[in-house]
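Written out below as structure tokens is the structure these notes cover.
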Amino acid sequence: PNRPLIAPSILSADFARLGEEIAAVAGSGDTRADWVHVDVMDAHFVPNLTLGLPVVQSLLKVSEVPIDCHLMIEDPDRWAPGYAEAGAYNVTVHAEAAADPVMLAKNLRAAGAKAGLSLKPGTPFEDYAEVLKHYDTLLVMSVEPGFGGQSFIADVLAKVRTARRLVDTGHLNVVVEIDGGINADTIEQAAEAGVDCFVAGSAVYGAADPGRALAALREQAAR
Ligand code: DX5
Ligand code: ZN
């Protein structure tokens, strides 16, 4: 397999110092994050509110690492392309909220971003297997979206395995990403199930040295 990708989630960072918190995972070598994961929540799709496009635009100006936007919002068909136009590397929308996921993927790509599709823990992969070929990333949620620091739901690994098989047998160019409860105790089982990219919030930003923490996670995932 390829080198595992690590995407620290700034949901667990200090929101008063977001630029510095991103710089803390933008070092050199193994301590550099592959993507920085930014959780956008609208208090409707999920019961929490974080930040939106103006903050993402400011983060894009200072981040040396590509930004992975995870949009936990209603009506992504309307709002998601703005994040792509702003320069996000990858823009992920929730399948449960998208009215026309195929058209939305096309719009995200036309705006210059990779297109990501996310599934909540209870959403079956089979419902979206057909649309996956229009996407570049598949974000499997391993907690209910809304909050950092929750416990990993191991049941979703069956969904990861199914998705991995379809991506490999169909020769799809899709990065399989997992989000929620990833830490030193859970990352190996996720890697074994076929995950390419690991989002980690509290496990990175809760550590004394976020760069070292992400490097250690990547090394664990590679075994
Ligand atoms: C939760 C967010 C996650 C969150 C993960 O809804 O999508 O990205 O930051 O946090 P941890 O890694 O602490 O579970
Ligand atoms: Zn997320």
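Determine the percent antiparallel among the DSSP beta bridges restricted to the chain, to the nearest 5. Walk me through the numbers on the way to the answer.
Details: 2 of 34 bridges.
Rounded to the nearest five, the antiparallel share is 5 percent.
Distances over 30 Å make up what percent of all Cα-Cα pairs in the chain?
On the way: 3477 of 24753 pairs.
When all Cα pairs of the chain are counted, 14 percent exceed 30 Å.
Stokes-Einstein, applied to the Kirkwood radius of region 60-164 over Cα pairs at a viscosity of 1.567 mPa s and 4 °C, places its translational diffusion at 92 µm² s⁻¹.
With θ taken as phi - 60° and the coefficients 6.51, -1.76 and 1.60, list the Karplus ³J(HN,Hα) couplings across region 207-223 in order, rounded to whole Hz; mark glycine and proline as x. Coupling constants for region 207-223: 8, 5, 10, x, x, 5, 4, 6, 5, 5, 5, 5, 5, 5, 5, 7, 6 Hz. Of all lysines in the structure, the ones whose alpha carbon falls short of 18 Å from that of Lys133, not counting any fewer than 8 places away in one chain, are Lys106, Lys114, Lys159.
Each Lys and Arg adds +1 at its Cβ and each Asp and Glu adds -1 at its Cβ; summed about the Cα centre, the chain shows a dipole of about 460 debye. How high is the relative contact order of the chain, given as a whole-number percent (alpha carbon pairs under 8 Å, six or more residues apart)? In percent, rounded to a whole number, it is 22. 3J(HN,Hα) along region 133-145, derived from phi through the Karplus expression 6.51 cos²θ - 1.76 cosθ + 1.60 where θ = phi - 60°, amounts to 5, 8, 10, 9, 9, 10, 9, 8, 7, 10, 8, 5, x Hz, with x in place of Gly and Pro.
Assuming charge only on the beta carbon of Lys and Arg (+1) and of Asp and Glu (-1), the dipole of region 85-158 about its Cα centre is about 280 debye to the nearest 20. Using all pairs of distinct alpha-carbon atoms, the Kirkwood hydrodynamic radius of region 133-179 works out to 11.5 angstrom.
Rule-based calculations on the coordinates, nothing more; no lab input. For clarity, every value in this text was computed on a predicted model and none was experimentally measured. Cβ coordinates were reconstructed from backbone atoms using ideal geometry, including for glycine residues, and neighbour counts include every protein chain displayed.
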